[in-house]
Every structure is written in structure tokens, then in C-alpha cells.
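Colleague: Submitted below is the structure of interest, expressed as C-alpha cells.
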Amino acid sequence: MEVNLSQPVRTSLGASQRISSLLEKSQARIATGNKHQSLVHNPIAVSVSKSLSNRASDFLAIKDNIGQGASRLNTTLSGLNSIDNTLIR
């Protein structure tokens, strides 16, 4: 079955399809948190974004290690306090 569309309707349909395509790209950027998703869009921005993301991951790993170290020191301090209390009595 053929559907005949007038020129204004075809123009509106084309515009609607372009808007839908742009909306999908924007939603993908929002979902990934990336302003630019590939080197084609903006190679410098993509490179900087990946570099900053890697640095953030490194800082999170360092933060976790510091937290674990602090926990170990607290445990050690509690143990030493217990020994000290036992020796004083």
C-alpha cells in the first residue's frame, strides 16, 4: 500500500527524524557521562576526559588504601591499649 505525503508533511517527518536522532545521541551522552563519545567528535576533549577518568580511578584506589591503612592503625592502637591496660593492672 502506497502512502502519498505532501511536501510539508515530508519536511516535518524529516525534521522529526533528525530531532529523534539528536535526542538519542544526547541521551547516550547523558547515560555515559561523556560529553564526547569518540575521537571523531573532539579528539582533545575525549583524550582529556579519559585521562581525568583514569586519574579519578587512581585517586579512588589511593583513598581506599588510605582507609584500609587507617583501619589497621586503629586496630593496632586498640590492641596496644588493651596490652597496656593489662600490664598496668
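The values are calculated or read from the model by the stated rules, or taken from the named source; none is laboratory data. This one's a predicted model, so the numbers in the text were calculated from it and none came from an experiment. A quick note on method: Cβ atoms are made from the backbone with ideal geometry, for glycine too, and the neighbour counts reach across all protein chains shown.
Colleague: Determine which single condition residue 76 fails, assuming it passes every other condition in (1) surrounded by 10 or more Cβ atoms within 10 Å (Cβ to Cβ); (2) at pLDDT below 90.
Modeller: (2)
Colleague: Which ones in segment 37-89 are among the hydrophobic types (A, V, I, L, M, F, W, C) and not in a helix (DSSP H, G or I)?
Modeller: Restricting attention to segment 37-89, the residues satisfying the condition of being among the hydrophobic types (A, V, I, L, M, F, W, C) are 39-40, 44-46, 48, 52, 56, 59-62, 66, 70, 73, 77, 80, 83, 87-88.
Within segment 37-89, 39, 40 qualify.
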